[in-house]
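Notes for the one structure printed next.
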Amino acid sequence: MYEKFLKQITDFIFIDQEPQKADIIFIPGNGFPNPSERAAELYREEFAKKLLPSGHYSVVLGHFAGVLQKQELYQGKFETEWEFLQQVLVQNGVDKKDILKEDNATYTYENAIYSKKVTDKEGMEVKKAILCCMPYHARRALLYYQLLYPETEFFVCPAKESPITAENWYLSKEGIETVLGEVERCGSQFHEILNEIKKEVRS
C-alpha cells in the first residue's frame, strides 16, 4: 500500500516526456541553470528555434535569489531571473537573437501569463511547445502554461540534473517537503483560478 501511495504522488508531480519539434521552448523563472541547460540542448538538436525564459524575481523574496547551482560556471550580477536564464542559454550555445524576453513575472502563474503576452505580441501561433523546468515543478508549471495556451500541445522535458527526482524524493526531508509542497500548491493556488473560470462559464 505504501508503495502505491508513493507512486500516485510521483506520477502526478513528475512528468518527463520525449521532445518533439515545437514552435518554442518555455522556461519558467528560477535560479537553477539545469532547465536552461536542457532547453539549450534541445535547441542545439533543432527541436525549436525560439526560447522564452521568464522571470523577474520571487515575489516572496523581493529580489533575485541568486544562482542555486553551478555558481562556478555562471558568474555575474543578475538583476532578474531572465538575465540569469539568458546567460545560461548563451553559454550553452543559444544565439541571443533566438531568445525572447519576459522579465516581469514573480511566480509561476505569472510566468505563463506574461509569456502569453510576449508570444501574442510577436504574433506567434504556438501549436506545439516544449516546457523545461525542474523535475518536481513539472506538474504545476504544465497546469499553468496549459491554462494560458489551451490549444497548445506541450512536451514536458525537465532538467536532467536535479537533487530531487522521481526516484529519490521520498528518501530525504528536503525531497518530501518539496514534493508535497508542490502537491499542496497545485490545490491551494488553483482555488481562485477555478472560481474565476466557474464565474465565466456561468455568465
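List of remarks:
- In the chain, the DSSP beta bridges split such that about 0 percent are antiparallel, to the nearest 5.
- Virtual spin-label span in nm between Arg44 and Glu161, 7 Å along Cα→Cβ: 1.3
- Mean separation of Cα pairs under 8 Å and 6 or more residues apart, divided by the residue count, gives the chain a relative contact order of 27 percent.
- Percent of Cα-Cα distances greater than 25 Å, calculated over the chain: 35
- Expected-Rg normalisation [2.2 N^0.38 Å, Cα atoms] applied to the stretch 1-119: 1.14
- Cross-link pairs exceeding 32 Å in C-alpha to C-alpha distance, out of Lys4/Lys50; Lys50/Lys160; Lys96/Lys199, comprise Lys4/Lys50; Lys96/Lys199.
- Each peptide in 48-59, 26-37 receives the mean, over its residues, of other Cβ atoms within 10 Å, and ordering these scores from highest gives 26-37, 48-59.
- A DSSP coil position with no more than 13 other Cβ atoms inside 10 Å describes the following GluC sites (Glu not before Pro) in the stretch 80-179: Glu122, Glu125, Glu151, Glu167.
- Projected label points at Glu79 and Tyr2, each 7 Å from Cα along the beta carbon direction, are separated by 5.2 nanometres.
- Ordered by the count of other Cβ atoms within 10 Å of each Cβ, fewest first, Arg139, Arg185, Arg38, Arg202 give Arg202, Arg185, Arg139, Arg38.
- Here, the stretch 89-188 yields an orientationally averaged convex hull projection of 7.6 nm² when only Cα atoms define the hull.
- Footprinting exposure proxy for Leu143, Leu61, Leu85 (fewest neighbouring C-beta atoms within 10 Å first): Leu61, Leu143, Leu85
- Ellipticity estimate at 222 nm from DSSP helix runs (n ≥ 4, -39,500 (n - 2.57)) divided over the chain, nearest 500: -13500 deg cm²/dmol
- Dipole magnitude (debye, nearest 20) for the stretch 14-165, charges at Cβ of Lys, Arg, Asp, Glu: 80
Read-outs throughout are calculated quantities, based only on the coordinates presented, and are distinct from any laboratory measurement. Values in this document were obtained by computation on a predicted structure and should not be read as measured data. No Cβ is skipped: glycine too gets one built from the backbone with ideal geometry, and neighbour counts run over all protein chains shown.
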